[in-house]
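S.K.: This is the structure I have questions about; it appears just below.
Please treat every number below as a calculation from the coordinates, not as lab data. Since this is a predicted model, take the numbers as computed values, not measurements. With ideal geometry, Cβ positions are generated from the backbone for all residues, glycine too; neighbour counts draw on all protein chains shown.
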Amino acid sequence: MSEVDSSEYSRYVNPLISRYASERMSMIWSPQHKHSTWRRLWVALAESQRELGLPISESQIQQMQAAVDTIDFDLAAQWERKLRHDVMAHVHTFGEACPEAMPILHLGATSCYVTDNTELIQLRESLELIRSRLVVVIDQLARFAAEHRDLPCLGFTHLQPAQPTTVGKRATLWCYDLVLDLEEVESRLQRLRFRGVKGTTGTQATFLSLFDGDHARVEQLDRLVTEKMGFSTRIPVTGQTYSRKVDAQVMAALNGIGQSAHKAGSDLRILQHRKELEEPFEKNQIGSSAMAYKRNPMRSERMCSLARFAISLAGSADQTAATQWMERTLDDSAVRRLTLPQGFLACDAVLILYRNITSGMVVYPKVIARHLEEELPFMATEEILMAGVRAGGDRQHLHERIRVHSNEAGLEVKQHGRPNDLINRLKQDEAFAGVDLESTLDARKYIGRAPQQVDQFIAEVVDPIRQTYSYLLDTEEQEELRV
């Protein structure tokens, strides 16, 4: 057997990192950020314990602070191979970097003090980034909707031609789904609490011992560390871990974003198939290695693919929350290392794609009009019926004549591939002699309040979002698609 190739191309690389998600999201879940946060938590704990009277010196604190970001990952790996414990490996690695502080590192804490609190910080930072991406896509979809607010197009129910709508109104449906997602993300952010300093099984027994039974100082320690780490509220009770229901709720929000993006991406793929709307297509882009003429909706397809992956991860978080025993079991650890980062990386990639698509969508009004004209005679039949009644006709008789002519016109289209000749058939029927049939073929008669609904939606829903998050719209730069 040949030796294993140790080059970078001989090992699996997660495509969420190498191809799809942003550097910003990847950094949040990186080993450097994670373990630097562990060290900041150890500093915050020691600082707070010193402030509350434990014998910890200022020089110990300073030595810890100086080593927060300079992590020897090779040394940590050596310690973990020896100890089979990731947190203790980093305790020893940190201790070697600040030997004076080694005796008081991790004092009174359990592993979940650093792991769980760090993950809550990562969840917050990731949700904030997802929020910014949602706001930008909502803004872009609203702009698209406003531009095409009154452009009539076929509506579809059951994926069959139905009463016309407008291109802009359809875009508001995609946009509103993301508005609901934004509300959910904001709700998760507002309710996200710090685990704090809770001890081995959540009882704070070790800290109570450290402070000689002084409950007030233990409570103050919890508050001080929470504030130092940038949180205003703490989880009131925990076992060894914070409730994994928090993860399930956060992953449900990501699941929702996946649903919204997949729905819109599927619609866009269908519309590109009909040649009514097209996602951006670059000058040198190749649609197919064999069929040179093709312009495949690769962005929308990729968005659907990644969205489907994001949707799939929520179930894992649900099962993890449901199967935690008593104060905790360690079977949550490995799966959360996978699902939490990858859920955010996938949604990050989805929203980068969504923004790229919506920033350059191309509309083809003449194709839209042709498709509408092919079906409009059928759409107009209710208007024709009412016009015939107003001209003195019998409603039931006129309804039967329209039904017969519609079926015959439908056969012409389906069996012979001929144009829809319903209007010509009705013109030759004396029952409709008093009806101006041509005037019934104005598509704008059938779009109802769609343009006004677009205006109202933007004014009442999108504009407040733009105002609330104006700082994001002013500063958010568009991520370049890497592949």
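S.K.: Please tell me the relative contact order of the stretch 368-446 in percent, rounded to the nearest whole number, where contacts are Cα pairs under 8 Å and at least six residues apart. Write down the numbers at each step before the final one.
M.R.: Working: 59 pairs, mean separation 29.8, N = 79.
Relative contact order, the stretch 368-446: 38 percent.
S.K.: Compute the Cα gyration tensor for the stretch 368-446, then decide on rounded, prolate or oblate, letting a ≥ b ≥ c be the square roots of its eigenvalues: rounded whenever a/c is under 1.5, prolate when a/b is larger than b/c in the other cases, and oblate in all that remain.
M.R.: In terms of gyration-tensor shape, oblate.
S.K.: Another question about this same structure. When we measure straight from the Cα of Lys245, which lysines land under 21 angstrom away, once same-chain ones fewer than 8 places off are left out?
M.R.: Hits, sequence-local ones excluded: Lys198.
S.K.: Also, I was wondering about something else. For every helix of n ≥ 4 consecutive DSSP H residues, a contribution of -39,500 (n - 2.57) applies; sum these over the chain, divide by its total residues, and give [θ] at 222 nm rounded to the nearest 500 deg cm²/dmol.
M.R.: On the way: 19 runs with 294 residues, N = 483.
It comes out at -20000 deg cm²/dmol, rounded to the nearest 500.
S.K.: Given H placed 1.01 Å from N in the peptide plane, which residues other than close sequence neighbours of Cys153 have an amide H under 5 Å from its amide H?
M.R.: Under 5 Å from the amide H of Cys153: Thr165, Thr166, Val167.
S.K.: Sort the following peptides by mean Cβ neighbour count (other Cβ atoms within 10 Å, averaged over residues), highest first: 89-102, 414-427, 254-267.
M.R.: Working: 89-102: 19.4, 414-427: 14.4, 254-267: 23.1.
With the highest mean Cβ count within 10 Å placed first, the list reads 254-267, 89-102, 414-427.
S.K.: Taking amide H positions as placed 1.01 Å from N in the peptide plane, with prolines and chain starts having none, which residues 5 or more places from Phe194, or on another chain, fall under 5 Å of its amide H?
M.R.: Excluding prolines and chain starts, which carry no amide H, the hits are Thr233, Arg234, Ile235.
S.K.: Here's another thing I want to ask about it. Can you list the HN-Hα couplings for the stretch 450-467, worked out from phi with the Karplus curve (6.51, -1.76, 1.60; θ = phi - 60°), rounded to whole Hz and with x for Gly and Pro?
M.R.: Karplus values, whole Hz, x for Gly and Pro: 3, x, 5, 5, 4, 4, 5, 4, 5, 5, 8, 10, 7, 4, x, 5, 4, 5.
S.K.: Here is a further query. Of the cross-linked pairs Lys82/Lys228; Lys34/Lys82; Lys275/Lys414; Lys263/Lys366; Lys34/Lys263, which ones have a Cα-Cα span greater than 29 Å in the structure shown? Let's see the in-between values first.
M.R.: Values: Lys82/Lys228 33 Å; Lys34/Lys82 21 Å; Lys275/Lys414 21 Å; Lys263/Lys366 25 Å; Lys34/Lys263 34 Å.
In this structure, Lys82/Lys228; Lys34/Lys263 exceed 29 Å between Cα atoms.
S.K.: Suppose every K and R has +1 on its Cβ and every D and E has -1 on its Cβ; what is the size of the dipole of the stretch 368-446 about the Cα centre, in Debye to the nearest 20?
M.R.: Working: 11 positive and 15 negative charges, 20 e Å.
The calculation lands at about 100 debye.
S.K.: Work out from phi, with θ = phi - 60° and the Karplus expression 6.51 cos²θ - 1.76 cosθ + 1.60, the ³J(HN,Hα) of each residue of the stretch 298-311, listed in order in whole Hz, and give x for Gly and Pro.
M.R.: Couplings: 5, 5, 5, 5, 5, 4, 5, 4, 5, 5, 4, 5, 4, 4 Hz.
S.K.: Still on this structure, please answer the following. Whole Å is fine, so just give me how far the alpha carbon centre of the stretch 402-443 lies from that of the stretch 128-183.
M.R.: The distance from the Cα centre of the stretch 402-443 to that of the stretch 128-183 comes to 33 Å.
S.K.: Using the Karplus curve 6.51 cos²θ - 1.76 cosθ + 1.60 with θ = phi - 60°, what ³J(HN,Hα) values do you get for each residue of the stretch 81-91, in whole Hz, with x for Gly and Pro?
M.R.: Result, ordered by residue: 4, 7, 8, 6, 8, 5, 5, 5, 4, 7, 4 Hz.
S.K.: To continue, here is another question. Angle between the Cα long axis of helix 111-147 and the longest principal axis of the chain, 0 to 90 degrees, nearest 10?
M.R.: Tilt of helix 111-147: around 20 degrees.
S.K.: Using a Förster radius of 56 Å, what is the FRET efficiency between Gln428 and Phe281 based on their Cβ-Cβ separation? Nearest 0.05, please. Walk me through the numbers before you get to the answer.
M.R.: Numbers: r = 46 Å, r/R0 = 0.82.
In this case the efficiency is close to 0.75.
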